[in-house]
Amino acid sequence: MCQNCKKPYYITTAIAYTSGKPHIGNTYEIVLADSIARYKRAQGYDVFFQTGTDEHGQKIEEKAEAAGMSPQAFVDQVAGEIKRIWDLMNTSYDKFIRTTDKDHEAQVQKIFKKLYDQGDIYKGYYEGLYCTPCESFFTESQLVDGKCPDCGREVKPAKEEAYFFRMSKYAPKLIEYINEHPEFIQPVSRKNEMMNNFLLPGLQDLCVSRTSFTWGIPVTFDPKHVTYVWLDALTNYITGIGYNCDGESTEQFKKFWPADLHLIGKDIIRFHTIYWPIFLMALGLPLPKQVFGHPWLLQGDGKMSKSKGNVLYADTLVDFFGVDAVRYFVLHEMPFENDGVISWELMVERMNSDLANILGNLVNRTISMTNKYFGGVVENRGAAEPVDEDLKALVLDEVKKVDAKMDQLRVADAISEIFNIFRKCNKYIDETTPWTLAKDEGKKDRLATVLYNLTEAITIGASLLEAFMPETSDKILSQLCTEKRELSQMETFGLYPSGNKVTEKPEILFARMDIKEVMDKVEAMHEAQAAAAGQSADGGAAAEGAGSQGGGAPEGAEDEPVIDAEPKAEITYDDFAKLQFQVGVIVKCEAVPKSKKLLCSQVKIGSQTRQIVSGIKAHYTPEEMVGKRVMVVTNLKPAKLAGVMSEGMLLCAEDAEGNLSLMVPEKKMPAGAEIG
């Protein structure tokens, strides 16, 4: 089919925030989008697949400062790492956009001015509760347990001059659109959440500029303001394909907009189904056809985060299992609507059962038997039996099911349908027993037909697999010495060229793994990481035992008193990694009323200030506390002490007489520096 005759299909991921290296939960989204894009190409669409990075905002500015880098240098480094991982996972994106791209920045400035000129943006004053990581303002009623409803972190009061977008002006139109287009927000549960929790109760006008930081796109007519991150980030979906606010958009934009699918995480569904559609309405542009808020990939019983110490990275998993095994796992284990779970044990189980046994062993056995009995020649001699029809019917039916599942974005279900083909092939081998047929010269034609049917079924399964495991698909088809079968050709069973010859030496696609060996390697990796963190010079606690010059103990150390503390139960590194330790600076301290032991400190940790209550009144005065750099446990569940809320714990050492000493970093470290 000629390229100009193909129907266009535009798919995007959310652009990754350049605050740090993406974990496997973040990486899942690009792999999911890639599988959809590849399948759409196989269906005959002219696909444009866009991804990229979101690079502005207060959090980036602060992280760059902590790293001693300019914001641009910081985002250049992180964006490069994100792109490296996207490429490592063999994703076939057509464009990687960055919100620091000059053409994007220029269009954002034009869009802001256009919306201001037509009265949709106005200048005002903002006072509310701000979540720095989410770059979002909230009212008291929107908080959950007093914290950010999106990420669960602390919010802090903020007050500044700002520009606002008149959300309420377009809300009725958006409600009408969603009701008339039930397919717009998927899954349906996400639609209900947006309607009931945000749209129907009434939208507040949205803050779209900031003055408290500078790392953003300046407002051209009021340069002390920078564009609010969501107006900047969301517009990448149109600027990336050539939208021009002056009315001179490219042919590419006219061809691909509106987008067929915005694929995003469920945590940012509100921005994509409320803010983004309203921005588009104000610009007079059609809305995207569908927004799919996919679930999260969890490790154990919680969302992956560095603070929980449960982060897995794609490149680490690839080192253990290979690219396609990781792709298979994240796609297969993620349900359509509910969160999926990842663990080392489960990955090894899938590697052994699904990939090594069901798929790898099937391909190896089929090719080996073809070589052993027919010198590698695959020939359909027409010696059919009723059991063959069962195989053919299932294979052709699975092709239809895969197509239907992919049209519904049920990617995990589609992969399961493909593996039903491979399972049926294994069952077919058991039913036909080729090794028995080989013993009877009179059944040579039947044996050849059985091996032909297996080869044909595997060819169809491997061709379907290309969207999900492209390297594995290529390897299988290469070993069968055939080309990928087009979807339009999968309505017929028996197109593998009779008389074709397979490879002489089949490659092992997936090797079985020993769970104990894997877990031993994982533990060694964690120990090495812990050692590296302990020896680092950027805020980590140094390893114990080294003398001042690297030789023995410091002079006189052997004469100092020691304490043998009662040992507690042994823990693993994973247990330790669940705790988050950071450097804090005490900016205010006062005694807790009616308490003989407690001091209440206001501790600056990164951009936040936390209230921490400590039983150290007998050892420090409030005046002594102010200005100290201390070590803080920052992910301890908040609790009330003497009626005062405490949001962390200061670390202290205690001698035999009960005297306490605050643990302080040896060198001056910035507030928020992590201790590992």
For Lys597, counting only lysines whose alpha-carbon sits under 23 Å away and dropping same-chain residues fewer than eight positions off, the answer is Lys588, Lys617, Lys628, Lys637, Lys640
Toward the positive end of the charge dipole of the chain, about the Cα centre and with charges on Cβ (Lys, Arg +1; Asp, Glu -1), which of Pro295, Ile217, Thr492 goes farthest?
Ile217
So what's the back-of-envelope 222 nm ellipticity for the chain, counting only DSSP H runs of four-plus at -39500 (n - 2.57) apiece and dividing by all residues, rounded to 500?
-11500 deg cm²/dmol
Enumerate by residue number the trypsin sites (Lys or Arg not before Pro) in region 391-479 meeting two conditions: DSSP loop (anything except H, G, I, E, B), and at most 10 other Cβ atoms within 10 Å of the site's Cβ.
Lys439
Tell me the net charge near Asp205. Cut-off is 11 Å between Cβ atoms, Asp205 excluded, with +1 for each Lys or Arg and -1 for each Asp or Glu.
+1
The simple spin-label model distance between Glu441 and Gln72, using points 7 Å out along Cα→Cβ, in nm, is 8.2 nm
Rounded to the nearest 20 debye, what is the charge dipole size of region 587-671 about its Cα centre when +1 sits on each Lys and Arg Cβ and -1 on each Asp and Glu Cβ?
360 debye
Using Cα pairs closer than 8 Å and at least 6 residues apart in sequence, work out the relative contact order for region 1-134, in percent.
28 percent
So I have [x] 197; [y] 208; [z] 157, and one of them is volume of the Cα convex hull per residue in Å³ calculated from this model. Which one is it?
[x]
Would you mind ranking Glu398, Glu441, Glu183 by Cβ crowding within 10 Å, fewest neighbours first?
Glu441, Glu183, Glu398
With r as the distance between the Cβ atoms of Ile175 and Ala511 and R0 = 51 Å, compute the FRET efficiency 1/(1 + (r/R0)^6) and round to 0.05.
0.40
Can you give me the distance in nm between label points at Asn364 and Lys113, each placed 7 Å from the Cα along the Cα-to-Cβ direction?
6.5 nm
Selection from Leu396, Ser473, Thr227 lying farthest towards where the dipole of the chain points positive, charges on Cβ
Thr227
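If we count every other residue with Cβ under 13 angstrom of Asn196's Cβ, Lys/Arg +1 and Asp/Glu -1, where does the sum land?
Value of the local net charge: +2.
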Quick calc: nm separation of the 7 Å Cα→Cβ label points for Tyr122 and Leu495 -> 6.2 nm
Length gain on complete extension for the stretch Ser661 to Lys628, per 0.36 nm per residue less the alpha carbon to alpha carbon distance?
10.7 nm
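When a footprinting reagent is the concern and you count Cβ atoms within 10 Å, what order do Trp344, Trp215 take, fewest first? Walk me through the numbers on the way to the answer.
Working: Trp344 17, Trp215 22.
So the residues, fewest neighbours to most, are Trp344, Trp215.
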Rounded to the nearest 20 debye, what is the charge dipole size of the chain about its Cα centre when +1 sits on each Lys and Arg Cβ and -1 on each Asp and Glu Cβ?
1620 debye
Taking every DSSP beta bridge with both residues inside the chain, roughly what % is antiparallel (nearest 5)?
70 percent
With point charges of +1 on the Cβ of Lys and Arg and -1 on the Cβ of Asp and Glu, referenced to the Cα centre of the chain, which listed residue (Ile264, Ile418, Ile85) lies farthest in the positive direction of the dipole?
Ile264
Extension length gain for Lys588 and Leu396 (0.36 nm per residue less Cα distance), in nm, is 62.0 nm
How about region 600-676: which trypsin sites (Lys or Arg not before Pro) there are in a DSSP loop, with at most 14 other Cβ atoms within 10 Å of their Cβ?
Lys667, Lys668
Neighbouring Cβ atoms within 10 Å as the yardstick, rank Glu140, Glu333 fewest first.
Glu140, Glu333
So if I place +1 on the C-beta of Lys and Arg and -1 on the C-beta of Asp and Glu, and nothing else carries charge, what would the dipole magnitude of region 343-501 be about its Cα centre? I want it in debye, nearest 20.
420 debye
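Go through 274-281, 463-470 and give me the packing order, highest mean Cβ count within 10 Å leading.
By packing density, highest mean first, the sequence is 463-470, 274-281.
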Of Lys372/Lys501; Lys266/Lys401; Lys21/Lys59; Lys59/Lys604; Lys123/Lys156; Lys159/Lys266, pairs whose Cα-Cα distance is over 18 Å
Lys266/Lys401; Lys123/Lys156; Lys159/Lys266
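Bear in mind that the values in this text are calculations on the coordinates, not laboratory data. These numbers come from a predicted model, not from an experiment. Cβ atoms come from the backbone with ideal geometry, glycine included; neighbour counts cover every protein chain shown.
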